[in-house]
1. Within the range 24-51, can you find the residues that are in contact with a helix residue (DSSP H, G or I) (Cβ under 7 Å, 6 or more places away or on another chain) and part of a loop (DSSP other than H, G, I, E, B)?
2. Examine the range 185-202 for a residue that is surrounded by fewer than 21 Cβ atoms within 10 Å (Cβ to Cβ) and either modelled with pLDDT under 95 or assigned to a strand (DSSP E or B) (or both), and state whether such a residue exists.
3. In the range 225-258, which residues are loosely packed, with under 14 Cβ neighbours inside 10 Å and without any contact (Cβ under 8 Å) to a residue 40 or more places away in the chain?
4. Please specify each residue of the range 135-160 satisfying the condition of being within 23 Å of the chain's Cα centre (by Cα) and either closer than 20 Å to residue 34 by Cα or buried (at least 18 other Cβ atoms within 10 Å of the Cβ) (or both).
5. Looking only at the range 72-90, how many residues end up being within 15 Å of residue 176 (Cβ to Cβ), in contact (Cβ under 8 Å) with a residue 60 or more places away in the chain and not in a loop (DSSP other than H, G, I, E, B)?
6. Since residue 8 meets every condition but one in (1) part of a loop (DSSP other than H, G, I, E, B); (2) surrounded by fewer than 21 Cβ atoms within 10 Å (Cβ to Cβ); (3) touching a strand residue (DSSP E or B) at 6+ places or on another chain (Cβ under 9 Å); (4) modelled with pLDDT of 95 or more, which condition does it not meet?
7. Which one of 15, 24, 44 is at positive phi, in the same structural domain as residue 193 (by TED's automatic domain parsing) and surrounded by 15 or more Cβ atoms within 10 Å (Cβ to Cβ)?
8. Pairs please, first residue from the range 2-29 and without any contact (Cβ under 8 Å) to a residue 60 or more places away in the chain, second anywhere and surrounded by 19 or more Cβ atoms within 10 Å (Cβ to Cβ) and outside any loop (DSSP other than H, G, I, E, B), Cβ atoms under 7 Å, 6+ apart in sequence or on different chains.
């Protein structure tokens, strides 16, 4: 792990922000997003890191409370902050703060059944996230073909209701514009007066967070939780690990290095 940025985190952990995505990073990707579960070792190692680093922050497209619910044990991580819905929502100390939900989301969601029916896509799944709505093709007979067929119609539907589309791993999400993981991370780094940063992600939606690490001017590390489904992120990362198992191993190694350096 001889990567520029790591020594700054290890030698000055109190100034470090450790940022992570949830799905595909802390939690394995599953066909039904509602059945996702955090890697069993992740909450423990994050709790140990949380006692040393400046902050642990999860930046996810999921609702913040849902990430806490699916991440059994996350609520016990010292000082944890969850920025849900790409940063529109914030969970901290058991409380959620957020602006009112955008009107365009339920309107778009109401039109989705008719749109999907007209395309003959009866085997895709629609996930209502409250502040966003996602169409998953993973359980479709032809996931890639369904995803490609959906791109243009969903872009038009999003534009009609003042929303934007967020492509991902066998999913297209319709959500409000004006916030992404990069903006959310940048604001958090400024809030915490961070002196170094690591961000770990797995999907295209994490590219803005990678860009935010580079733009911060801080000693930084970008990590890709690798998969065969998404390769674009790996090309932008300082380090590629083997899915959530690899993420946990990386965090455990980081914790050990910090412990050695501070004792």
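1. Once the filter is applied, which keeps residues that are in contact with a helix residue (DSSP H, G or I) (Cβ under 7 Å, 6 or more places away or on another chain) and part of a loop (DSSP other than H, G, I, E, B), the range 24-51 yields 25, 26, 28, 36, 37, 38, 39, 41.
2. Within the range 185-202, not a single residue is surrounded by fewer than 21 Cβ atoms within 10 Å (Cβ to Cβ) and either modelled with pLDDT under 95 or assigned to a strand (DSSP E or B) (or both).
3. Residues satisfying the conditions are 228, 231, 232, 235, 242, 256.
4. Filtering the range 135-160 down to residues within 23 Å of the chain's Cα centre (by Cα) leaves 135-139, 143-144, 147-148, 150-151, 154-155, 158.
Residues satisfying the conditions are 135, 136, 137, 138, 139, 143, 147, 150, 154, 158.
5. So the count comes out to 4.
6. (1)
7. Working: 15 fails: at positive phi; 44 fails: at positive phi.
Result: 24 is the single residue among 15, 24, 44 that is at positive phi, in the same structural domain as residue 193 (by TED's automatic domain parsing) and surrounded by 15 or more Cβ atoms within 10 Å (Cβ to Cβ).
8. Close Cβ pairs satisfying both conditions: 22/58; 22/67.
The values are calculated or read from the model by the stated rules, or taken from the named source; none is laboratory data. In this text the structure is predicted, and so the values were computed from the model without any measurement. Every residue, glycine as well, gets a Cβ built from its backbone with ideal geometry; the counts of neighbours run over all protein chains shown.
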